[in-house]
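The values are calculated or read from the model by the stated rules, or taken from the named source; none is laboratory data. Here the structure is a predicted model, which is why all the values come from computation and not from measurement. Backbone-built Cβ (ideal geometry, glycine too); neighbour counts: all protein chains shown.
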C-alpha cells in the first residue's frame, strides 16, 4: 500500500498508532485489581445494553480482565489499576448508551463503532478530560451532537454513519484544540459550515460528506494549514470555490463533489503542491481547465464529471507524470482527443464520455499499458474498427464502454483478428451498429458483462456464447437477431451459481445500460447488477427451453417481443432467484403453469399479448400482479384479468391440462369415435334396425 492510500485511512491509522503507544503501558494480567469506581461505571454501562458482553459480570475487582478492557497503573503507586481503554467495536451491541462511562475518568481510548447502539449521545461523554480517541461510528444514534463538548485531550472524534441531526457543534474546537481527525459523515446535519473550525489549528482530517450542510465555505476553513484531507461531498454547499483554497499547502485530497458550486475553478493549484486527488464532480463549474491544474505534477486523480467545463483537453502529460485516474465525462469538451494524452502513461481509468469529441481514437492509445477502464460513450467518434484495433493492445483493459458512439458503423467480424483476452466488461449499445455478434468475442474468456443492445445486429445467437464461465449479464435485446435460442445459454455457470465476489476487478466507470422499455439506468458498480439474460425485441423463434429451469441464480429473464411459440414450461419454477420474467408479445399457447407460484422472489411478470388460455394461477406471487401482466390473451380468465372464469373455462382448462399431460389423447378420442361410429352403423344395417335406403 502506497503512502497516498494510507492517508485515505488517516483516522484508522491514528487510532492504531494510539493503540500501539498505549499498549506498552497496559497491564492484562488476570490478577490485576481494578478501581471500584471503574468497575461500577462499567457495570451500569452493561445494564443499559440489550445484549451481554463476553465475560462481563457483576461489579468486582477483576474488571480489568473483562472483554475489550485494558488497565494501567498510570505510573502511580496504587495497587488498583485504572481502565484506560475500552474497545467493543463490531460486537452487535444493542440498547442505549448511558452516561455512566463518563465515570471512567482515566479513559484514553473509547471505541464502540460498528454496533447497533441507539438513542441520544450522552453529553457527559463529551466532557471526559483524558479521552484521546472517541469512535462511535456506524451505529444508530439520533438527536443532536452535544453543543458544549469539552475534551481538551481528544485527537480523534468519529461519529459518522449515524442518524444525528441539527447543526454541527460550533464549540467543539474551542476546547479541543488538539483535535487532528474529525468525521461526522453520513448523518443528517444541516446549516452552514462552522466558521469556528479555525480553532482546530492542528486538524489533519475533516470529513463532513453526505449531510445537508449548505451555504458558502468560510474563508476561515482555508487557514487550517495542517489539513491533509477535506471531504465535503454530498452536501448542498454553493457559491464559488475560494482562491483561499490555494493556501492549503499540505492538502493531499479535496472532495467537493455532488454539491452546487458554480463559476470557474480558480487557478490556485500551484500552491497545493502536495495535492494528489481533486474531486469536483456533479457541480455547476464552468469555464476552462485551469492551467495550474492541467500541469500539476503531484496530481494522481482528477474527477470533474458532470460539470460544464468547455474547450479541449489541454493536459500537459509531460508534467502530470503521476496521473492515473482522469474523469472528464459529461461536460462540454470538444474537438479531437489529443494524441499526447497517451503520454500520461500511468493512466488506469479514463472517462471522456458524454462530450462533443469528434474524430477517431488516437492510435497512440495503444501505449497506455496500464489502462484498465475506458469510457468513450455518448461522443461523436468514428472508425470503430480502428478504435478496436488500437485498444486491443491495451493488455490491462478490463472495462470498455463505447455506447452511443460510432453510430451506424459495422461491428468488425473475425477477419479483423481482434482479441480482448482480459476484458471483463464490454458495452457498445444504442449505436445502430450492423453486422453479427462478433465471433472474436469468444476469445474474451473472462467476460462478465456483455451489452450489445439497441443496435441492428442480425443473424443468430452463436452457440459459443454459452461457453463463458464468468458471464452473468448478457443483453442482446433490441436487435434483429433470428433463429432459436441456443441451449448453451442455459448452461452458463454464473446463471446457475452466481457469486459477485468472483467477477474480477471493480469497474471505476459508471455503466449506462438500457432495458426493454427504452429506459436507461446508470450503475456505478457493475457487479451490483442483477444477473440478467435479455433477448427481447428480436426475431427469435422456437420454444422456450425447459432447461431454463436449471438457471437457479438468474434474476432477470427477458424474452418478450419475439416470435417464440409453444407453451410456458413448468420447469421455470426451478429458477429460484428469478425476480423478473418477461414473455410478452410472442405466440405462446397453453396455460400458465401453477408451478410458477413457487417463484417466491418474482416481483415482475409480463405474459401479455400471447395466445394463452385457462385460469390464471392464484398462488404465491402470481396473485400480486395487475391485469396488465395478462392482457391480450383472450383465453385467459380469473386472477387480475377482466374475464371471470366460468364452468366452461374450468372444464376447458382441465381438458387442456389433461391434453398436455397425454398429448395423443385427443387424437385417440377422435379415432376411437370414428371407428365406433362405423362399427355401430354396420351392426345396425346387419340387424335391420336401419333401412339401407
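Here is a yes/no grid of residues against (1) at pLDDT 95 or above; (2) touching a strand residue (DSSP E or B) at 6+ places or on another chain (Cβ under 7 Å); (3) assigned by TED's automatic domain parsing to the domain that holds residue 471:
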| site | (1), (2), (3) |
| --- | --- |
| 518 | no, no, yes |
| 527 | no, no, yes |
| 530 | no, yes, yes |
| 544 | yes, yes, yes |
| 549 | yes, no, yes |
| 553 | yes, no, yes |
| 580 | yes, yes, no |
| 597 | no, no, no |
Can you name the condition, by its number, that residue 315 falls short on among (1) over 27 Å from residue 205 (Cα atoms); (2) outside the structural domain of residue 360 (by TED's automatic domain parsing); (3) surrounded by fewer than 22 Cβ atoms within 10 Å (Cβ to Cβ)?
(3)
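Rundown of residues vs (1) outside any strand (DSSP E or B); (2) surrounded by 15 or more Cβ atoms within 10 Å (Cβ to Cβ), yes/no style:
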site: 52; (1), (2): yes, no
site: 58; (1), (2): yes, no
site: 70; (1), (2): no, yes
site: 92; (1), (2): yes, no
site: 95; (1), (2): no, yes
site: 102; (1), (2): yes, yes
site: 106; (1), (2): yes, yes
site: 110; (1), (2): no, yes
site: 126; (1), (2): yes, yes
Return yes when residue 271 is surrounded by fewer than 20 Cβ atoms within 10 Å (Cβ to Cβ) and in contact with a strand residue (DSSP E or B) (Cβ under 7 Å, 6 or more places away or on another chain) and no when it is not.
no
Restricting region 571-594 to residues that are within 22 Å of residue 497 (Cα to Cα) and touching a helix residue (DSSP H, G or I) at 6+ places or on another chain (Cβ under 7 Å), which is surrounded by the most Cβ atoms within 10 Å (Cβ to Cβ)?
575
Restricted to region 603-625, and to residues that are part of a loop (DSSP other than H, G, I, E, B) and closer than 22 Å to residue 537 by Cβ, which residue is nearest to the chain's Cα centre (by Cα)?
603
Quick check on residue 482: is it surrounded by fewer than 23 Cβ atoms within 10 Å (Cβ to Cβ), part of a strand (DSSP E or B) and at pLDDT 90 or above?
yes
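Hey, does region 281-295 have a residue that's in contact with a strand residue (DSSP E or B) (Cβ under 8 Å, 6 or more places away or on another chain) and in a helix (DSSP H, G or I)?
The initial filter retains those residues of region 281-295 that are in contact with a strand residue (DSSP E or B) (Cβ under 8 Å, 6 or more places away or on another chain), namely 281, 283-290, 293.
Restricting the remaining residues to those that are in a helix (DSSP H, G or I) gives 293.
The answer is yes, given that some residue of region 281-295 is in contact with a strand residue (DSSP E or B) (Cβ under 8 Å, 6 or more places away or on another chain) and in a helix (DSSP H, G or I).
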Residue 400 being in a strand (DSSP E or B), free of Cβ contacts under 8 Å to residues at least 40 places away in the same chain and within 23 Å of residue 333 (Cβ to Cβ):
yes
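Please list, ordered by residue number, the strands (runs of 3 or more DSSP E) wholly in region 182-223 having 2 or more residues that are touching a helix residue (DSSP H, G or I) at 6+ places or on another chain (Cβ under 9 Å).
Details: elements: 188-192, 205-207, 212-215.
Hits in region 182-223: 205-207.
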For region 412-436 the number of residues that are buried (at least 21 other Cβ atoms within 10 Å of the Cβ) and farther than 22 Å from residue 350 by Cα is 1
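Return the residue satisfying two criteria in turn: it lies in region 626-639 and is in a helix (DSSP H, G or I) and touching a strand residue (DSSP E or B) at 6+ places or on another chain (Cβ under 9 Å), and of such residues it is surrounded by the fewest Cβ atoms within 10 Å (Cβ to Cβ).
Our first condition is that a residue be in a helix (DSSP H, G or I); within region 626-639, this holds for 627-629.
Narrowing the set further to residues that are touching a strand residue (DSSP E or B) at 6+ places or on another chain (Cβ under 9 Å) leaves 628-629.
Details: 628: 12, 629: 20.
By that ranking, first place goes to 628.
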What do you reckon, is residue 176 more than 17 Å from residue 255 (Cβ to Cβ) and out of contact with any helix residue (DSSP H, G or I) (no Cβ under 7 Å at 6 or more places or on another chain)?
yes
Conditions: (1) assigned to a helix (DSSP H, G or I); (2) under 24 Å from the mean Cα position of the chain (by Cα). Residue 365 meets all but one. Number of the miss?
(2)
Checking residue 138 against (1) assigned to a strand (DSSP E or B); (2) over 18 Å from residue 40 (Cα atoms), only one condition comes out false. Which one?
(1)
Determine, yes or no, whether residue 489 is over 24 Å from residue 569 (Cα atoms) and either in the same structural domain as residue 351 (by TED's automatic domain parsing) or in a helix (DSSP H, G or I) (or both).
no
With respect to residue 470, determine if the residue is outside any helix (DSSP H, G or I) and closer than 30 Å to residue 547 by Cβ.
yes
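Sort out which residues of region 156-179 are modelled with pLDDT of 90 or more and surrounded by fewer than 21 Cβ atoms within 10 Å (Cβ to Cβ), and write them in order of number.
Taking region 156-179 first, the residues modelled with pLDDT of 90 or more are 156-167, 179.
Scanning region 156-179 gives 161, 163, 165, 166, 167.
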Out of 237, 278, 261, which single residue is in contact with a helix residue (DSSP H, G or I) (Cβ under 8 Å, 6 or more places away or on another chain), surrounded by 21 or more Cβ atoms within 10 Å (Cβ to Cβ) and in a strand (DSSP E or B)?
278
Could you list, in sequence order, the residues of region 485-516 that are in contact with a helix residue (DSSP H, G or I) (Cβ under 6 Å, 6 or more places away or on another chain), closer than 24 Å to residue 434 by Cα and at pLDDT below 90?
511
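Do we find that residue 131 is surrounded by 15 or more Cβ atoms within 10 Å (Cβ to Cβ) and within 36 Å of the chain's Cα centre (by Cα) in this structure? Please lay out each step first, then the result.
Values: surrounded by 15 or more Cβ atoms within 10 Å (Cβ to Cβ): yes; within 36 Å of the chain's Cα centre (by Cα): no.
It is false that residue 131 is surrounded by 15 or more Cβ atoms within 10 Å (Cβ to Cβ) and within 36 Å of the chain's Cα centre (by Cα).
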Hey, among the residues in region 299-329 that are over 14 Å from residue 255 (Cβ atoms) and in a strand (DSSP E or B), which one's nearest to the chain's Cα centre (by Cα)?
326
Any idea which residue in region 556-579 is farthest from the chain's Cα centre (by Cα), counting only those that are part of a loop (DSSP other than H, G, I, E, B) and without any contact (Cβ under 8 Å) to a residue 40 or more places away in the chain?
569
When region 599-613 is examined, which residues are found to be surrounded by fewer than 18 Cβ atoms within 10 Å (Cβ to Cβ) and touching a strand residue (DSSP E or B) at 6+ places or on another chain (Cβ under 8 Å)?
603, 604, 611
